[in-house]
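The values are calculated or read from the model by the stated rules, or taken from the named source; none is laboratory data. None of the values given here were measured: they were computed from a predicted structure. Note that we place each Cβ from the backbone using ideal geometry, even for glycine, and neighbour counts take in every protein chain shown. Accessible surface areas use protein heavy atoms only, side chains included; no ligands, DNA or RNA. Shrake-Rupley method; radii C 1.70, N 1.55, O 1.52, S 1.80 Å.
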Amino acid sequence: MIGLIGISYKTAPIDKREKFSFAKEEIVPFADFLSKETGISDLVVLSTCNRTEIYFSQNHFDRLSAIEKVIDAFKQFKEAEGECSRYLYHRFDIAAVKHLFSVAAGLDSMIIGEDQIIGQIKDAYLYCTDAGLTDAVLMRLFQKSFEAGKRARTETGIKLGNLSVSSTAVEMIAQELGDLSTKSLLVVGTGDTGSLALQNMVKKGIGKTSVINRTMKSAEKVASKYNSEVLSFLSLKSHLANHDIVIVATGAPHHLITAKMVSKAQAINPRPQIYIDLSVPRNIEEKVGELDNVKLCAVDDLQKTVEANTQKRQEAAEKAEHIIDEVAEEFNEWVVSRSLRPAIKSISNNLEEVYRQELENFKHIESKEIKQAVDNYTRHITQRYTRLLIKNLKDITDNGRNTDSLHIINELFKLEENNRRNK
């Protein structure tokens, strides 16, 4: 079965979500812990500012038992007991498949149709695949999710309006400050989210821009694209007073900017400032928003701006749902057909054995031409009946859906027993 457990902006506020977020270096240790606790070892962990989701593939337990075991391991690993279960959701099989496809298409995002999520899914999938955590089912599942996401965006109008949390933050800043040409911007974190925020601010006509990143090489690469100044990460607090807007988007597990730091910056250069925290866990202390002359906006605060663009995307989202259903059905057909593979292999092996045994009876024939003719005819009959039996097998079992029929067929032909004898 395919299973999913998750927590998102739809089910929990940011102070709850941040407890369940994953840094990349936590994923493999979690996979090891999950395997030790449950025997489930095939998974993909997707962790963004708006969601943490664990997709897994297993055949050890029934659906509900598997979900319960993964949830228990998830909570233990994150040391999050108590009432946190009410913030978690779960899906399995086709429901989990459709959920992933909806996420990839941007239908489950705070901003419907946003582009950034598809890249985040690809990164999560590739990271887990490179770490040896995905089986054939998960590989196929995520590859089909990329197809669903691409089709939803290219075949519908779902990309109308703002496309990411970053662009929504920029829109909010522009509405708040108006003319940006005289304003200065500091971006902390030059990953996808931070870089996109910088790009959008430049498009809006921001005056001066600076970037800070823990890795200087990454900061220099981004800065060169947008003619930005590169500042030292270690001197972050000393640069706050020099900027009207500060956007933070890093994977740090703690506060990088505190109320004390901002208070000192205001004392040095008192003026209105906007702080945007696009990180989960939050990188800006919540008390920053209580200071005079300072406006603080976190991920959840962007919801109001998002809602303004939601209505015009609803019609496109309905069209995208049809695409998701279509791709999900294709994937489901592939999954259920996998249940036929042992029976098909058994049929092929058994008839191949019959072919070899029958051919032994013609060893005494000396004529090479007759031997070849017998060989060709016997192989032709074997292949013909193999194809016929496989076709009937698919028809009788509804292409693998009717497992009761499959058990009867295995018993009728003693395929499993014959397989063991042939090994």
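Amide H contacts for Ile206 (H built 1.01 Å from N in the peptide plane; partners 5 or more residues away or on another chain; cut-off under 5 Å): none found. Seen against the Cα atoms of the chain and their longest principal axis, helix 192-203 is set at about 50 degrees. Exceeding 30 Å between C-alpha atoms, which entries from my cross-link table qualify? They are Lys10/Lys287; Lys183/Lys237; Lys225/Lys260. Those over the limit are Lys225/Lys260.
Against the chain, whose longest principal axis is taken from its Cα atoms, helix 368-396 shows a tilt of about 50°.
Ordered from highest to lowest accessible area with the whole protein assembly present and a 1.4 Å probe, Glu171, Glu358 read as Glu358, Glu171. Non-local amide H neighbours of Leu296 (under 5 Å, H modeled in plane, Pro and chain starts lacking H): which ones? Here Tyr275 satisfy the definition. Centre-to-centre separation between the Cα atoms of region 175-251 and those of region 43-89: 36 Å. Applied to region 138-153, the Karplus parametrisation 6.51 cos²θ - 1.76 cosθ + 1.60 on θ = phi - 60° returns per-residue 3J(HN,Hα) values of 5, 4, 5, 4, 6, 5, 5, 5, 5, 5, 4, x, 5, 5, 4, 7 Hz, with x for Gly and Pro. Peptides 269-280, 130-141 ranked from most to least packed by the mean count of surrounding Cβ atoms within 10 Å: 269-280, 130-141. Please identify every one of the GluC sites (Glu not before Pro) in region 67-100 that sits in a loop by DSSP and has no more than 11 other beta carbons within 10 Å of its own beta carbon. Qualifying residues, ordered by number: Glu79, Glu81. Here the chain is treated with +1 on each Lys and Arg Cβ and -1 on each Asp and Glu Cβ, and its dipole about the Cα centre works out to around 800 debye.
Given an 8 Å cut-off on Cα distances and at least 6 residues of separation, report the relative contact order of region 136-250 as a percent. Walk me through the intermediate numbers first.
Numbers: 140 pairs, mean separation 31.7, N = 115.
The normalised contact order for region 136-250 reaches 28 percent.
The peptide list 346-353, 39-46, 205-212, put in order of mean Cβ contacts within 10 Å with the highest first, becomes 39-46, 205-212, 346-353.
Over all alpha-carbon pairs in the chain, figure out the percentage whose distance exceeds 36 Å. Kindly include the intermediate steps, with their values, before the conclusion.
On the way: 37467 of 89253 pairs.
Result for the distance tail: 42 percent.
So, R0 is 35 Å and r is the distance between the beta-carbons of Asn392 and Glu147; what FRET efficiency does that work out to, to 0.05? According to the calculation, E is roughly 0.65. Each label point was placed 7 Å from the Cα along the Cα-to-Cβ direction; for Thr154 and Lys319 their separation is 1.5 nm.
Ile268 to Lys36: FRET efficiency via 1/(1 + (r/R0)^6), r the Cβ-Cβ distance, R0 30 Å, to the nearest 0.05? The pair Ile268/Lys36 has a calculated efficiency of 0.05.
A simple spin-label model places the labels of His60 and Asp179 6.5 nm from each other, with each point 7 Å out along Cα-to-Cβ. Put a dot 7 Å past the Cα of Ser367, heading toward its Cβ, do the same for Asp292, and the two dots end up 11.2 nm apart.
Roughly to the nearest percent, how much of the accessible area of the chain is carbon and sulfur, given a 1.4 Å probe? List each step's numbers first, then the result.
Details: 10580 of 21260 Å².
The computed percentage sits at 50.
Scalar couplings 3J(HN,Hα) for region 323-336, obtained by applying the Karplus form with A = 6.51, B = -1.76, C = 1.60 to θ = phi - 60°, are 5, 4, 4, 5, 5, 5, 5, 4, 5, 5, 4, 5, 5, 5 Hz; x denotes Gly and Pro.
Only Cα pairs under 8 Å and 6+ residues apart enter the sum, and on that basis the relative contact order of the chain stands at 14 percent.
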